[in-house]
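In what follows, a structure is listed as structure tokens, so that the remarks can point back to it.
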Amino acid sequence: MSAATLTPEDELAQRFARIYEREPILEVRGLGKQFATGSGVIDALRDVSFKVHRRELVCVIGPSGCGKSTLIRILAGLETLSSGQVLVDGQPVSGPGRDRGMVFQGYSLFPWLTVKRNVMFGPEMSGHPHNVAEGMARQWLELVGLSDFADAYPHQLSGGMRQRVAIARALVNEPRILLMDEPFGALDAQTRAKMQSHLLDIWKNLDITVLFITHDLDEAIYLADRILVLKAHPGEVQEIVEVPVPRPRSPAQFSSEAFRATRAHIEALIHPPVEHSPEPEEEPAPASTMIRFTAVDDNVE
């Protein structure tokens, strides 16, 4: 079958076949996380299992309290698991490592260091000489479009620019996996859209695998190859959704049939319809007791 005669379904199947042919970079097996409280032990995550393949972009979404941030902190090695395994390139994760870069929702930059010195911090801590670390920082600042702001301080930058610095700082050590915990959640809508497009540009041009936590359905569908949908109390894998929206992605696809259908499906998973009991007979509305502070003839209705 020629490329010209492929149906959208054929193209989708071929795209995911190519993804699944790549080796798994990240593998989570039966992950569980428990917290002890005054009233007993709480399961935050239970039997979470999934794989992320090389150069894949996977989003994690779910209702509040499903353990998204706990999951990504465990993957980053910042928090211990209670059961199961996390493997990166087949090796168990026992703590933070250079194979994983982390970007938080808060910019987590050192306010007393310039943009360049913030990005240099990782390479210098790893033992690189100052001039080598500086060269690495300049390279990554150019990639994220902030070369002209190398000598600025974080408080002199906009929110989107600070998050780009945080991304450069996470990438400067050339990790295998970029972990992102709602990195654009604090940005305004316009800046958020720009950062989503910027992330896709970075991802397309680097040998990097991305796992991205979000609470925004549109963001997840726009960015991801697949979406891991968690349910809450405890956090468990409800479904792993293959996103049928073709790549390359653009904001115009938000109104496409594939995008809207995927959104409706995930929305139903996260917020399933509730069966309502028969409504009681309607009672008359109580008389208003609001005190009026305007002239009687000054109506807005």
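Kindly evaluate Met161 against the criterion of being surrounded by fewer than 21 Cβ atoms within 10 Å (Cβ to Cβ) and either among the acidic types (Asp, Glu) or under 22 Å from the mean Cα position of the chain (by Cα) (or both).
Judged against the criteria, Met161 is a match.
Quick one: which of Arg100, Arg15 is in contact with a strand residue (DSSP E or B) (Cβ under 8 Å, 6 or more places away or on another chain) and either surrounded by 15 or more Cβ atoms within 10 Å (Cβ to Cβ) or modelled with pLDDT of 95 or more (or both)?
Arg100
Counting just the residues of the range 164-182 that are touching a helix residue (DSSP H, G or I) at 6+ places or on another chain (Cβ under 6 Å) and not hydrophobic (A, V, I, L, M, F, W, C), which one comes out surrounded by the most Cβ atoms within 10 Å (Cβ to Cβ)?
Arg169
Considering the range 71-83 alone, what residues qualify as being surrounded by fewer than 18 Cβ atoms within 10 Å (Cβ to Cβ) and either without any contact (Cβ under 8 Å) to a residue 12 or more places away in the chain or among the β-branched types (Val, Ile, Thr) (or both)?
Across the range 71-83, the qualifying residue is only Thr80.
Can you name the residue in the range 192-230 that is surrounded by 18 or more Cβ atoms within 10 Å (Cβ to Cβ) and charged (D, E, K, R) and, of all such residues, is modelled with the lowest pLDDT?
Only one residue tops the list, namely Arg192.
Would you mind stating whether Gln196 is over 12 Å from the mean Cα position of the chain (by Cα) and of a type in the set (S, T, N, Q)?
So Gln196 does not fit the description; no.
Taking the options Ala133, Ala150, name whichever one is crowded, with 22+ Cβ neighbours inside 10 Å and outside the structural domain of His198 (by TED's automatic domain parsing).
The conditions single out Ala133.
Please pick out the residue among Asp207, Asp225, Asp201 that is assigned by TED's automatic domain parsing to the domain that holds Glu56, without any contact (Cβ under 8 Å) to a residue 24 or more places away in the chain and within 24 Å of Leu12 (Cα to Cα).
Checking each option against the conditions leaves just Asp201.
The values are calculated or read from the model by the stated rules, or taken from the named source; none is laboratory data. Here the structure is a predicted model, which is why all the values come from computation and not from measurement. Counting neighbours? That spans all protein chains shown, and the Cβs are built from the backbone with ideal geometry, glycine included.
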